[in-house]
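Visitor: Take a look at the following structure, please.
Since every read-out is calculated from the coordinates, none of them should be taken as a lab result. Being a predicted model, the structure only gives us computed values, none of them experimental. With ideal geometry, Cβ positions are generated from the backbone for all residues, glycine too; neighbour counts draw on all protein chains shown.
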Amino acid sequence: MPLELRLAWRNVWRNPRRTGLTVAATVFAVVLVVFFVAMAAGVHEKMIEDAVRIHSGHVALAGEGYFDNRTLEQFVEVDAALAAELDAVPGVRGWAPRIIGFALLSKETDARGVAVFGVDPEREPSVTTLKEKLKRGSFVSAASPNGIVLAERLASNLDADLGDELLLYSEAYTLESAFDLFTVVGIMKLPDVNLDRSLALISLADAQAFFAYPGRASEVAILTDEAALAPAVASAVRAAAESAPVEVRTWDRLMPELVQFIFLDDAGMYIMLIILVVVVAFGILNTILMAVLERTRELGVLLALGLRPAAVFRLVYAESLMLAGVGLSVGLVIAIPLVLWFQAHPVLLGAEMAQAGELFGMEPLMTWKLKPMNPIGSVVTILGVALLAALYPALKAARGRPVDALRSL
């Protein structure tokens, strides 16, 4: 080991109590940084996944102008050619055509405005978790025409139950009145309160017949392997359907409120973490500066014996890096297994937090996800802070004069 490193290591432990406190502060900061960044990554990823698996998918393909107007006038033709093109796009886990309309649903004298989703019973489960949300009964099926699945709050408001006949009334694509009787075949519970009050599902075939919409869909929801692939998949889908008058949007454009919430949540978290890192920086600065001031005579003698100022500068910097290195090593040894344990064991949220999650259709689970950039970023940040904190003490030590050390004897 070079002489400078040996001297630095001995100097670090010259005052074990002060060094221990600084290392403990660094360990505490590293554990909190890794833990909270992993928690934010896990929660945000689950929030996105829950939101897209309830309705939109990671990518949505629709007729030109549909996302701005949301009417039956804008549509996409769903044929064998489009199906083959979507199946060929890399990164697509599943896709499902839908017809989305608005109607009045009534039972006897009670009526409610509802959002009617015409879904493909075979393809919809590959994109959304709507089928998994069933509490009672069965999902819509092409084999059972005129079956309808109601969200739980909607069914409660209508006082409807399995087997009840309901009248669905709306306006067809042809501008004629559309009305028909549907039998309740299932009740589902949705985490999104707004959807749970207003969503009714019928089969795609029934919706096409009801709205006079043969061979058409309002949109095609596409699920990718992960949210990060959405822009690439959207570009590929746009290129595949280039000849048709369609538009493609990713989940972040479909749900800007969710993007804004994630941004604000990240901002609050990073402000807290910056405060933690600043505390660590002052701890390292205090330890190194006190060590330099206590060794004024020692450093002066070293300079008098011929040690160059650059070597003294490196010596002090080595002490700072060693302090940060010990804290980082211990912190990562604690933080990584801790995060991995929580990643494997999600935490069930309390009632208040669960209600907040319902705003974005999120299940009441707190999850963690350890990404490689999390510990790497923590190491780089703490080391950078240690280098900055040691700059003033190192310059002060390097600029010391032997005569000043002799005068202090």
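Visitor: In this structure, is PRO214 in a loop (DSSP other than H, G, I, E, B), of a type outside the set (A, V, I, L, M) and either crowded, with 18+ Cβ neighbours inside 10 Å or in contact with a Gly (Cβ under 6 Å, 6 or more places away or on another chain) (or both)? So that I can check it myself, show each step before the final result.
Guide: Working: in a loop (DSSP other than H, G, I, E, B): yes; of a type outside the set (A, V, I, L, M): yes; either crowded, with 18+ Cβ neighbours inside 10 Å or in contact with a Gly (Cβ under 6 Å, 6 or more places away or on another chain) (or both): no.
No: the conditions fail for PRO214.
Visitor: Restricting attention to the stretch 37-69, which residues are farther than 25 Å from ALA200 by Cβ, surrounded by fewer than 22 Cβ atoms within 10 Å (Cβ to Cβ) and among the β-branched types (Val, Ile, Thr)?
Guide: The one that is farther than 25 Å from ALA200 by Cβ, surrounded by fewer than 22 Cβ atoms within 10 Å (Cβ to Cβ) and among the β-branched types (Val, Ile, Thr): VAL43.
Visitor: Would a scan of the stretch 52-62 turn up a residue that is within 22 Å of ILE148 (Cβ to Cβ), part of a loop (DSSP other than H, G, I, E, B), under 29 Å from the mean Cα position of the chain (by Cα) and of a type in the set (Lys, Arg)?
Guide: No, the stretch 52-62 has no match at all.
Visitor: I need the strands (runs of 3 or more DSSP E) fully contained in the stretch 101-198, keeping only those with at least 1 residues that are closer than 21 Å to SER56 by Cα, among the aromatic types (Phe, Trp, Tyr) and touching a residue at least 24 places away in the same chain (Cβ under 8 Å). Outline the logic, then answer.
Guide: On the way: elements: 110-119, 134-137, 147-151, 165-171, 177-188.
Output list reads 110-119.
Visitor: Which condition number does PRO191 fail, the rest of (1) under 30 Å from PRO375 (Cα atoms); (2) of a type outside the set (Ser, Thr, Tyr); (3) under 23 Å from the mean Cα position of the chain (by Cα) being met?
Guide: (1)
Visitor: Here are ALA8, ALA41, ALA24: which of them is touching an Asp or Glu at 6+ places or on another chain (Cβ under 8 Å), of a type in the set (A, V, I, L, M, F, W, C) and assigned to a helix (DSSP H, G or I)?
Guide: Numbers: ALA41 fails: touching an Asp or Glu at 6+ places or on another chain (Cβ under 8 Å); ALA24 fails: touching an Asp or Glu at 6+ places or on another chain (Cβ under 8 Å).
ALA8 is the lone residue from the list that is touching an Asp or Glu at 6+ places or on another chain (Cβ under 8 Å), of a type in the set (A, V, I, L, M, F, W, C) and assigned to a helix (DSSP H, G or I).
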